[in-house]
Every structure is written in C-alpha cells, then in structure tokens.
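The values are calculated or read from the model by the stated rules, or taken from the named source; none is laboratory data. Since this is a predicted model, take the numbers as computed values, not measurements. Methodologically, a virtual Cβ is constructed for each residue, glycine included, from the backbone with ideal geometry; neighbour enumeration extends over all protein chains shown. What goes into the accessible areas is simple: the full protein's heavy atoms, side chains included, and nothing from ligands, DNA or RNA. Shrake-Rupley method; radii C 1.70, N 1.55, O 1.52, S 1.80 Å.
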Amino acid sequence: PRQGLARFLSALGMFYQARSCLWRTDPDPGTFAWIDCTDRDSSIVSYPRRDGDAHLVVVLNLTPVPRASYRVGMPASGPYLVRLCSDAHQFGGSGYPVPESITTEAIPWHGLPQSAVLPLPPLGALILEPG
C-alpha cells in the first residue's frame, strides 16, 4: 500500500507541475469555483481549476461506494480525457473501471449548459482535461 501511495504522490506531483491550471493563478479567486459542493447524500464534490482558457475538472468521491453513473456539470462541451484516477491499480486502488475519455452532452446540470455522466471509483479522485 505504501508503494502505491508513493507512486500516486509522484504522479500527482508531476501532473501538478505540468498543468498550470493547478497553481499559476492561485491567488486569483476567479480561477476556482465549485461545480457542486452540496451533494451531502453522495458525498461528492466537483470543481474546475483555470488558467486563462485552459481548465481541468476535479471530481472527488469521498465515500467507499462506487458510483456507476454520476452526472456532473462541465464547463465546456466536447470530450474530456481522464488524466488521473487515484483508484488505479498502480496506485494501490481497486481499479474500478473508468474510461480514458468522456464526452459531454447538451444536458444542463449544476448551472452549466452541458454535463457528462462519469463512473466514480470509491474514495477516488478523477482529474479530467478537455481533449
């Protein structure tokens, strides 16, 4: 388990350094906004991080219950690539199946004009990037 956590922290650190959305404009409150932080029943939170036109979407499932089809509002339409999944086998996770990419639908959700249905692994974090 410790080796899996070490691999995850290494991958997260490299990802963080390579994606300016996660750090360049930290003092600017306009670079962060909740997509949803009110789902107490499922304990799932989601938010984008921005740097100019670039953005990422982070979705956290804070329970040990996997969610096969969880709809999340998305800031932009089109495909999103799953860039990091904390539940991957290489990180000591359960390996809950998560596709490499997800495409949004023109279904308004969470106050955004489009959304996507995501499989959320238990106690997992997904980071998605437009692609």
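A Cβ distance below 9 Å, combined with a sequence gap of six or more or placement on separate chains, defines the contacts here; from the range 16-36, residues that are touching a residue at least 60 places away in the same chain (Cβ under 8 Å) reach residues that are open to solvent by 100 Å² or more (accessible area, probe 1.4 Å) in the pairs ARG19/ARG83; ILE35/TRP109; ASP36/TRP109. If you go through the range 25-44 and keep only what is part of a loop (DSSP other than H, G, I, E, B) and either of a type in the set (Gly, Ala, Ser) or surrounded by 13 or more Cβ atoms within 10 Å (Cβ to Cβ) (or both), you end up with THR25, ALA33, ILE35, SER42, SER43. Among the candidates LEU60, LEU56, the residue that is out of contact with any helix residue (DSSP H, G or I) (no Cβ under 9 Å at 6 or more places or on another chain), in contact (Cβ under 8 Å) with a residue 24 or more places away in the chain and in a strand (DSSP E or B) is uniquely LEU60.
Any residue in the range 14-31 that is under 18 Å from GLY92 (Cβ atoms) and out of contact with any helix residue (DSSP H, G or I) (no Cβ under 9 Å at 6 or more places or on another chain)? There is at least one residue in the range 14-31 that is under 18 Å from GLY92 (Cβ atoms) and out of contact with any helix residue (DSSP H, G or I) (no Cβ under 9 Å at 6 or more places or on another chain). The residue list ALA76, ALA88 contains one member that is hydrophobic (A, V, I, L, M, F, W, C) and under 20 Å from PHE8 (Cα atoms), which is ALA88. State yes or no: is SER94 polar (S, T, N, Q) and not in a loop (DSSP other than H, G, I, E, B)? Here the answer is no, as SER94 does not meet what is asked.
When GLU129, GLU100, GLU105 are checked against the criterion of being surrounded by fewer than 17 Cβ atoms within 10 Å (Cβ to Cβ), within 21 Å of MET14 (Cβ to Cβ) and among the charged types (D, E, K, R), GLU100 stands alone in meeting it.
Inspect all residues belonging to the range 97-106 and state whether any of them is assigned to a strand (DSSP E or B) and not β-branched (Val, Ile, Thr). Yes, that holds for at least one residue. When ASP87, ASP39, ASP53 are checked against the criterion of being out of contact with any strand residue (DSSP E or B) (no Cβ under 7 Å at 6 or more places or on another chain) and either of a type in the set (Lys, Arg) or modelled with pLDDT under 95 (or both), a single residue qualifies: ASP53.
Looking across TYR16, TYR47, one residue alone is aromatic (Phe, Trp, Tyr) and either open to solvent by less than 30 Å² (accessible area, probe 1.4 Å) or in a strand (DSSP E or B) (or both). It is TYR47.
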